[in-house]
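Notes for the one structure printed next.
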Amino acid sequence: MEDCISSDEDYYDSDRESLHGLENEDSEIQWIPKSSATKVITKECLLAAQKEDMRRVMDMLSLREYHARTLLIHYRWDVEKLFAVLVEKGRHHLFATSGVTMIGNQSISSSEPSSMVMCDICMEEVHGNDATRVDCGHCFCNNCWTEHFIVKINEGQSRRIRCMAHKCNAICDEAVVRNLVSKRHPDLANKFDRFLLESYIEDNKRVKWCPSTPHCGNAIRVEDDEFCEVECSCGLQFCFSCLSEAHSPCSCLMWELWIKKCRDESETVNWMTVHTKPCPKCHKPVEKNGGCNLVSCICGQAFCWLCGGATGREHTWSSISGHSCGRYKEESAQKAERAKRDLYRYMHYHNRYKAHTDSCKLESKLKESIQEKISISEERESMLRDFSWVNNGLHRLFRSRRVLSYSYPFAFYMFGDELFKDEMTEEEREIKQHLFEDQQQQLEANVEKLSKFLEEPFDQYAKDKVMEIRMQVINLSVITDTLCKKMYDCIENDLLGSLELGIHNIAPYKSKGIEKALELSACWNSKTNTTIDKYLPSDCSTSGGLSERDRLSGLNSEENGCSSRKRARADVVTGNFFDLNLPAEVVDRN
């Protein structure tokens, strides 16, 4: 620990230039935040959000609303992917795979009212007014259509109800479904409408329900990377990918395994393996409470503690009558030793994870005491009136402490045998573990120092002493932020980036903390549809067919994107000053 603390001088020296001139300008810095990339979709604006995407497809392809909805549901509301398929495969392929059928301008809502129609389902002739013809041209009686729709809605398939005809993949017009079902079951028609509306969330990979309990009724939409952490307007922070609590720098799989390991009885079993032996008769675990190697179970069976074999009760201090187990059994000894080693390793990481988590909860109580200290200091006649550095330092402490606590579950799985046993050699594992632990120890040392200075009773100190604490807090805030960035870069590039299986992605580090989603207005101006322009040639008509060979190159590379763990981050550098304006709600969270 002393080595880590003494090495801080390098950070202090490197940051003095950036801190020069900041002393009298804290209150003058006007940080203009960028528009949030995450949006909160409330019940009121859900329909508007859905229609925004449908309008883009309708305008581009000159379609009716339900055709646009059918296309978007098929492509999980990914407008970019829909336009990409349009460019690569053409309009016909786009419609055929989605179940959209286009039949000129003829009326297809019903049959000729004066004619009789044979229904191929019930094999009865019905009047034309009692039959309905859908887009694909198939016509059946209204009773059969209604029963078909009711069954599909109750089965949860209301978003894509197909035609009843054999091997017909056409999707039925939602207006036809609504009209026929509402005549018999108005409540079921309302349920059908609700399913269509909620498909924007249920089938959309960029939109997910907030996992709050009780549910706040909001959904969150992300614009860029789904591997991110967001904060709903209700105050809940969560991982957008797995919907569990925010757990970066742990990957979703690591966090799932860690929670399960902490919750179930796996470590209890390990303890029992190390400290107990099963009775050879009833197989219940027996703990030894004396020095004699002859132990007795509550069932009455006596057995040897050394080997676990059943014996009689006659014995001396040196031997058991009629029993000998002096031969070494390597397999059982190795199994017990391995269980003991795994238990101690888990306890090492769990104790440190729990310690930092508890420290974060205790430090959250600092807010009230710090506000009291600030109020007392401001009332005193002092030239130092701006105490925003205290709140900024407190927010940085919470953010860094959180990163530090979740780094221990990450290290447990990163350098263990459970996930990456075949990904690294023992030598590579040892080098990477030392690299990570060095950064972890540096961060831990500076977080503890920052916590120490923030707990100082600065309201009782003289001006010079307060200025000294102020510089220490500002400096340590910059240092911990820098160390957190370096730790994330190490994880993304040196550790996870070198793995062959790219299934472990982590949310990027953000100095300002987890981004708070802004509420999406129910009425907004339509965004300019520029997505298709980067795919289509300038002379391409939306109404005609598209030549598959005259496409823009590089579409696949754009669609695939880059790995989230190697993403470039624009928020790492924020100019010659640092931003510590973490939302105050974070302080009140846990």
To the nearest 10 square angstrom, what accessible area does Phe195 show with a 1.4 Å probe?
40 Å²
Surrounding net charge for Cys239, when Lys and Arg each add one and Asp and Glu each subtract one, Cβ distance under 14 Å
-4
In whole angstrom, note down how far apart the Cα centers of region 59-98 and region 431-485 are.
54 Å
Could the peptides 386-397, 89-100, 452-463, 168-179 be put in order, highest first, of the mean number of other beta-carbon atoms found within 10 Å of their residues?
386-397, 168-179, 89-100, 452-463
Work out, in µm²/s and without decimals, the Stokes-Einstein translational diffusion coefficient of region 116-205 at 20 °C, 1.002 mPa s, Rh from Kirkwood over C-alpha pairs.
158 µm²/s
Going by amide H atoms built from the backbone, whose H comes under 5 Å of the H on Val295, apart from near neighbours?
Phe303, Trp305
Treat every Asp and Glu Cβ in region 347-487 as -1 and every Lys and Arg Cβ as +1, leave all other atoms uncharged, and give the resulting dipole magnitude about the Cα centre to the nearest 20 debye.
500 debye
Interchain or sequence-distant (5+) residues whose placed amide H lies within less than 5 Å of the amide H of Thr38 are Leu518
Tell me whether region 389-431 comes out rounded, prolate or oblate; compute the Cα gyration tensor, take square roots of the eigenvalues as a ≥ b ≥ c, and use a/c under 1.5 as the rounded threshold.
prolate
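Label region 378-505 by shape, choosing from rounded, prolate and oblate, from the square roots a ≥ b ≥ c of the eigenvalues of the Cα gyration tensor; if a/c is under 1.5 it is rounded, and otherwise prolate applies when a/b is larger than b/c, oblate when it is not.
Here region 378-505 falls in the prolate category.
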Which ³J(HN,Hα) values in Hz, rounded to whole numbers, follow from the phi angles of region 46-54 under the Karplus curve 6.51 cos²θ - 1.76 cosθ + 1.60, where θ = phi - 60° and Gly and Pro get x?
5, 5, 5, 5, 5, 5, 4, 5, 5
Accessible area, 1.4 Å probe, largest first: how do Glu492, Glu444, Glu226, Glu147 sort?
Glu147, Glu226, Glu444, Glu492
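The values are calculated or read from the model by the stated rules, or taken from the named source; none is laboratory data. Since the structure is predicted, the reported quantities are computational estimates derived from the model, not experimental observations. Note that we place each Cβ from the backbone using ideal geometry, even for glycine, and neighbour counts take in every protein chain shown. Calculation scope for accessible area: heavy atoms of the full protein, side chains included, ligands and nucleic acids excluded. Shrake-Rupley method; radii C 1.70, N 1.55, O 1.52, S 1.80 Å.
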